[in-house]
Amino acid sequence: MSDPIIQVRGLKTQFGDHVVHENLDLDIYRGETIGVIGPSGCGKSVLLSEIVGLLTPTAGSVTVFGETLSELSDRDRQAIERRWSVMFQDGALFSNLTVRENVMVPMKEHTNFSHDLMHDLADLKISLSGLPLNAADKKPSELSGGMRKRAAMARALALDPELVFLDEPTAGLDPITAGRFDSLVRELSRLLGLTVFLVTHDLDTLKATCDRIAVLGDKRVKYTGTLEEVSRIDDPWVQEYFGGPRGRSVVG
Amino acid sequence: MDKQNGEAVLHVEGDWTVKTVGSLEREIRRARFEATPQRVDVSALGAVDTAGAFLIHTMLEDGGIEADKTYQLIGEHAQAKALLELVSGRERQEKVVASQPLSIIDLLARVGKGSVHFMDEAVGTLSFIGEAMLTTFKLLLQPHKIRWTSVFAVMEEAGLDALPIVSFLSFFVGMVIAFIGATMLQQTLGATVFTVELVGWAVMREFGVVLTGILLAGRTNSSFTAQIGSMKMRQEIDAMRTLGIDPIEALVTPRILAMLIMTPLLAFGATLSGLLGGLMISWVALDISPILFITRIQEIVIIQNFWVGMSKAPVFALVVAMIACRQGLLVQGDVQSLGKATTASVVHAIFLIIVVDAIFAMMYMELGI
């Protein structure tokens, strides 16, 4: 393990009276795939939004690539934002653009590629993420849920980011597609040295892709470790999570 | 590019990443090889990612290597081989350039399509109006089935909350009429006292209710269409249907009823404040005392004018509510159609309000009222 690529220290999040996180610490290292799990409503997606700067934490600091986001100028921030990408839970594709145009959006914004190259590269990313090429000319509303997720993945990979945030990437996918998705994540993280921050409920995805798992609970990161280490922890929620029939088939 | 043992070898050096290849691209596209490269030397290659690998691959393909043929790599590189394999062998779609020749046939086809679309739209609107009216009448016979919470919510949001802006607008229009009237009457007849009649007629018959209608078309139409449209986009309307709830009953009828109740009240408010605007100007600028103003309004501007104005309010209410709901239900899955429907809703409503007002004017003229 090398230097941490993301460092979260003493994070506190509060919405009105409702405290979501308190004293939350988390380190994510370069090249690893970390899965964040936890009960519904424990603030997994909120944590993700705070790391990428969509939400400002009430207190505490988030350091990405060695820079503290809240202290950066807009320009430096943009330079950093270009090095990561986010795949949102329901895709968040631009609905007035075709899939190919969606994938080309980040390229248009941040590179000086010619239209032809962007077009070809977009097609490459689309087929990499497992979509048939005839989907490239369709609007997101004409695609199924699973295909939308893959299109969102293609957009997230458009600029070859160093760090990818995936929010529930396999939720709502059929097992075959989900399996392919897992191996795609694995392959890319191996090939490109991608660091992956994964929020998921899918035990198979955890097993197939994650080097480490972070368990959120009681407003902080309760445990981190490999799948085996975490599954042996004596905690009621963790035991129920891994001890259920679905969990047993993965761990056991 | 050089030759080793009679085989062409391509040397790639430096960083080939998404940050750097943009400037290389044009050169690469122009480059022509003397011979088909058989091997690629990656020993001096720096950082590489899929964009870089893709460009290397394209270069080789353009150089004459068949798409599925694997080339040999010389030298060691951590990712090059795997990345080149990843980007090779992907199917490439031929770019189809859509050409649109302009011809008389295309023109006719467009006109035809447009006409058919217009017909469909007209039939669709009529059937929607029919369905909405029928459902509303049915519900009026069984008042306990009406969603009163929803009715009152819409009455507050689209009616009560619009009162300040409607009154304000009408107040100023009343002032403007009084000013213009005073100037004109002074110059032509020298009788400014007729300003009272002018303000009374204009505000009661036309401005009070038409201003209300146009303001509602802007304010309420956009909000109704956006509300119903986003529900349609998020499949909430489909969910209602599967739960056995008629969307017309749940969404359209309450809006129609609320608008039918509130529009006359708003028009009344607008008429009063319009008159007040006229009264203020008459008092301040023309020395017509408020008492004289009110007496003249009561005695000379007959009450019929007021009823003529108010009779249009329920019709405008129906125009606003029906068009807004119909356009909302027409929204498809994408954001653009929501924007289109909202625009259409406001534009159609304003247009129809003016047209309906003109029809009323002609009708009352023929009737001699």
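At-a-glance table
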| item | result |
| --- | --- |
| Selection from region B:232-259 of residues that are of a type in the set (A, V, I, L, M) and in contact (Cβ under 8 Å) with a residue 60 or more places away in the chain | B:Met233, B:Ile237, B:Ile248, B:Ala250, B:Leu251, B:Val252, B:Ile256, B:Leu257, B:Ala258, B:Met259 |
| Residue match in region A:111-132 (condition: in a helix (DSSP H, G or I) and away from chain B (no Cβ under 11 Å)) | no |
| Condition broken by A:Asp27, with the remaining ones in (1) over 19 Å from the mean Cα position of the chain (by Cα); (2) part of a strand (DSSP E or B) satisfied | (1) |
| Matching residues, region A:86-113, being open to solvent by 40 Å² or more (accessible area, probe 1.4 Å) and closer than 24 Å to B:Leu55 by Cβ | A:Glu101, A:Val105, A:Lys108, A:Glu109, A:His110, A:Asn112 |
| Contacts under 9 angstrom Cβ, first residue in region A:58-87 being closer than 22 Å to A:Arg30 by Cβ, partner open to solvent by less than 30 Å² (accessible area, probe 1.4 Å) and basic (Lys, Arg), 6 or more apart | A:Met87/A:Lys149 |
| Every residue from region A:159-181 that is within 14 Å of chain B (Cβ to nearest Cβ) and in contact (Cβ under 8 Å) with a residue 40 or more places away in the chain | A:Leu159, A:Pro161, A:Glu162, A:Leu163, A:Val164 |
| Boolean, B:Ile294 is touching a residue at least 40 places away in the same chain (Cβ under 8 Å), surrounded by fewer than 24 Cβ atoms within 10 Å (Cβ to Cβ) and assigned by TED's automatic domain parsing to the domain that holds B:Ala153 | no |
| Unique match (being of a type in the set (A, V, I, L, M) and in a strand (DSSP E or B)) among A:Leu11, A:Leu93, A:Leu54, A:Leu48 | A:Leu11 |
| A:Met147 vs. criteria in contact with a helix residue (DSSP H, G or I) (Cβ under 9 Å, 6 or more places away or on another chain) and closer than 25 Å to A:Ile80 by Cβ | no |
| Count of region A:162-185 residues which are open to solvent by 10 Å² or more (accessible area, probe 1.4 Å), within 19 Å of A:Trp84 (Cα to Cα) and not acidic (Asp, Glu) | 1 |
| Condition check for A:Leu216: crowded, with 19+ Cβ neighbours inside 10 Å, in contact with a Cys (Cβ under 8 Å, 6 or more places away or on another chain) and under 29 Å from A:Gly10 (Cα atoms) | yes |
| Odd one out for A:Ile80 among (1) more than 14 Å from chain B (Cβ to nearest Cβ); (2) β-branched (Val, Ile, Thr); (3) assigned to a helix (DSSP H, G or I) | (1) |
| Flag if B:Gly333 is crowded, with 19+ Cβ neighbours inside 10 Å and either closer than 23 Å to B:Glu249 by Cα or modelled with pLDDT of 90 or more (or both) | no |
| Region A:182-196 - residue that is in contact with a strand residue (DSSP E or B) (Cβ under 9 Å, 6 or more places away or on another chain) and among the polar types (S, T, N, Q) and, of those, farthest from the other protein chains (Cβ to nearest Cβ) | A:Thr195 |
| Failed item in (1) at the interface with chain A (Cβ under 10 Å from one of its Cβ atoms); (2) surrounded by fewer than 20 Cβ atoms within 10 Å (Cβ to Cβ); (3) at pLDDT 75 or above, with B:Ala78 passing the rest | (3) |
| Check on A:Gly38, modelled with pLDDT under 85 and assigned by TED's automatic domain parsing to the domain that holds A:Thr226 | yes |
| Which listed residue is of a type in the set (Asp, Glu) and closer than 25 Å to A:Arg190 by Cα, from A:Asp27, A:Asp17 | A:Asp27 |
| Residue within region B:101-122 that is at pLDDT below 75 and part of a loop (DSSP other than H, G, I, E, B) present | yes |
| Filter result for A:Gly225 (surrounded by fewer than 17 Cβ atoms within 10 Å (Cβ to Cβ), within 30 Å of A:Leu117 (Cα to Cα) and small (Gly, Ala, Ser)) | no |
| Whichever residue in region A:133-153 is assigned to a helix (DSSP H, G or I) and facing chain B (nearest Cβ under 10 Å) and, among such residues, is surrounded by the most Cβ atoms within 10 Å (Cβ to Cβ) | A:Pro140 |
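One line per residue, one yes/no per condition, for (1) away from chain A (no Cβ under 14 Å); (2) within 17 Å of A:Asp116 (Cβ to Cβ); (3) at pLDDT 75 or above:
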{"position": "B:Leu24", "(1), (2), (3)": "no, yes, yes"}
{"position": "B:Phe33", "(1), (2), (3)": "yes, no, no"}
{"position": "B:Gln38", "(1), (2), (3)": "yes, no, no"}
{"position": "B:Val42", "(1), (2), (3)": "yes, no, yes"}
{"position": "B:Leu45", "(1), (2), (3)": "yes, no, yes"}
{"position": "B:Phe54", "(1), (2), (3)": "no, yes, yes"}
{"position": "B:Thr58", "(1), (2), (3)": "no, yes, yes"}
{"position": "B:Thr70", "(1), (2), (3)": "yes, no, no"}
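The values are calculated or read from the model by the stated rules, or taken from the named source; none is laboratory data. What you see is a predicted model, and the numbers here were worked out from it, not measured in a lab. A quick note on method: Cβ atoms are made from the backbone with ideal geometry, for glycine too, and the neighbour counts reach across all protein chains shown. Quick note on the areas: whole protein, heavy atoms, side chains included, nothing else; ligands and nucleic acids left out. Shrake-Rupley method; radii C 1.70, N 1.55, O 1.52, S 1.80 Å.
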